[in-house]
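So the structure is just underneath, and the comments pick up after that.
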Amino acid sequence: MIEINHLRKSFGEGDKKIVVLDDFNAKMEKGQITSIIGGSGSGKSTVLKHLIGAYTPDSGEIWIDGEEVSLLKGEAANSVRKKFGIMFQSGALFNSLTVEDNVALPMREHTELNESTIQIMVKMKLEMVGLRGAEHLKPSQISGGMVKRIALARAIALDPKIVFYDEPSAGLDPISIGVIDKLIMDLSHKMGITSVVVTHEIPSAMRISDKIIMLFKGIIIASGSPDEIRNSDDPRVQQFIEGSPDGPIPFSKSQTDYGEELKEMSQV
Amino acid sequence: MVRSFFGFIGRRGFEFVDTSADFFREISGLYYLTRSTLYCTFIEPLRGKPIKWRPVWTQMEEVGVKSTTIVFLVSFLIGVILAFQSAHQLSRLGALEFVGALVGVAILRELGPLMTALVMAGRVGAAFTAEMGTMKVSDEVLALETMALNPVKFLITPRFLALLIMLPCLTIMADLMGILGGFLIGTTTLGIDPVVYINNSLDAMVVKDVVTGLIKSVVFAVIIVMVGSYMAFIIEGGAEKVGQNTRTAVVVSMILVIIADLVFTSLFFFVF
């Protein structure tokens, strides 16, 4: 179980200070899938980076399995990291290693298993993601969708209790999205893995999630089951799930008035 | 006038403080990375986490075996050039047969270790920064960390060990090739009697020359690996930064190699 209390994070200093997360609270239950959704720049990836210990929060607490992890360093941080797997948006496979070595790496480094056992385990994990037979290819020789599925195989190599997914279905074809969604659901519901999915694919999030947290500009604007989100009367939530271009969430990121800026330019 | 003058001084003062703060930040970063590399390479194996040798072999082949051609070529030509250049001056003094002594001592003490290190800074240092920098940019380093694997131990230690072993080896080979180059020119074009050439060379060269050269090359190896790795690990952003930092790594490690060469040469000059 993961519990996040009053998490705050900002980047930059002085005038350029940008608050990325403001008082983020969440509870991710064991065996459930929690999705964090929101537009780009809403802070959802920042939450994930705090959970994996890549960022240190300005203030707030992160509890993983009853342990405060936000300030851990070195060996203590590593013992927490062994509890979870992560699937990166880009896959982040090691390009110099074959698919088999990529999936086997966590097992070779963290377990005492002998080589033949490891090879059997690798085959099992690859079969789960439907890519048995790709063992001897390099990551540069396979497609983006396959990279993501292998990244998932690597994330679950050590049978972790928690798996983080960063945009698991971005840039995939509908069938691959379906396969990955089913995998995430199977892992959570059959094996009791706590899943945290960061995504902006609304249909997929609605399908798989037990709980959805929606972020807008670093603040939680909605939280609840998919049905609660769907029936929310917050116009920002409705705009996001319908994907309509007009609404309270502005499409333009610029801070200044367009007409004023053009006028100033013509004066110069 | 006066105000703008003091304004100028003030601005320059702040710029200077900023630049020197950056400089000391880089130095301390380099120091901490070197310290943790030394810890992972030499202390951790004693505490029951043995080093995996397979990546070290791979790197040794990459940085050592595959560099032999260029190192041989460069040092051979340096020997040839040195023989020609010194022959002109020495023949005016009537000491042409001492070409062998000059070439031998210059190669062993100075040019062998230095030229090998400079070639390797370009060939290997750049490759280290580009490879590890790309891994940093594509989140592979972060992936290692989240898998509870230490990137220093996983990426730097094999390269560090490989170059620490291979650079002195390459230096010895470069020494031999340089001396061979001088010998060929001395005995053919310059017409020195081979026996005289060899005798004069052996009289001039002592074991200390080889040892000091090898000590230097170990130091050069540390500089090349650590600067290359540090420049890779501080990369944030994209491909542009990888290119910039690769260039910086080569330039900085070449400069540091020359400075270290000066320091050690003067140390040997005064101590031995």
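Throughout, read-outs are computed from the coordinates displayed, never taken from laboratory work. From a predicted model like this one, the values you see are computed outputs, not experimental measurements. Every residue, glycine as well, gets a Cβ built from its backbone with ideal geometry; the counts of neighbours run over all protein chains shown.
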For residues in region A:100-154 being of a type in the set (Lys, Arg), part of a helix (DSSP H, G or I) and free of Cβ contacts under 8 Å to residues at least 40 places away in the same chain, which is farthest from the other protein chains (Cβ to nearest Cβ)?
A:Lys123
Give the number of residues within region A:50-64 that are surrounded by fewer than 16 Cβ atoms within 10 Å (Cβ to Cβ) and either in contact with a strand residue (DSSP E or B) (Cβ under 8 Å, 6 or more places away or on another chain) or at the interface with chain B (Cβ under 10 Å from one of its Cβ atoms) (or both).
5
Looking only at region A:173-206, count how many residues are assigned to a helix (DSSP H, G or I) and surrounded by 16 or more Cβ atoms within 10 Å (Cβ to Cβ).
14
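For region B:157-272, list the helices (runs of 4 or more DSSP H) that sit wholly inside it and hold at least 3 residues that are more than 30 Å from B:Val56 (Cα to Cα); which are they?
Details: elements: B:157-187, B:194-204, B:207-233, B:239-271.
The qualifying helices (runs of 4 or more DSSP H) are B:157-187, B:194-204, B:239-271.
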Within region B:140-150, track down each residue that is part of a loop (DSSP other than H, G, I, E, B), at the interface with chain A (Cβ under 7 Å from one of its Cβ atoms) and under 29 Å from the mean Cα position of the chain (by Cα).
B:Leu149
Among (1) within 18 Å of the chain's Cα centre (by Cα); (2) surrounded by fewer than 24 Cβ atoms within 10 Å (Cβ to Cβ); (3) of a type in the set (A, V, I, L, M, F, W, C), which single condition is B:Ile107 missing?
(2)
Hey, could you check region B:31-64 for residues that are farther than 25 Å from A:Glu112 by Cβ and either small (Gly, Ala, Ser) or without any contact (Cβ under 8 Å) to a residue 12 or more places away in the chain (or both) and say which is surrounded by the most Cβ atoms within 10 Å (Cβ to Cβ)?
B:Gly64
If you go through region A:10-49 one residue at a time, how many are at negative phi, more than 14 Å from every other protein chain (Cβ to nearest Cβ) and not hydroxyl-bearing (Ser, Thr, Tyr)?
23
Selection status of A:Glu75, within 14 Å of another protein chain (Cβ to nearest Cβ), loosely packed, with under 15 Cβ neighbours inside 10 Å and more than 29 Å from B:Gly133 (Cβ to Cβ):
no
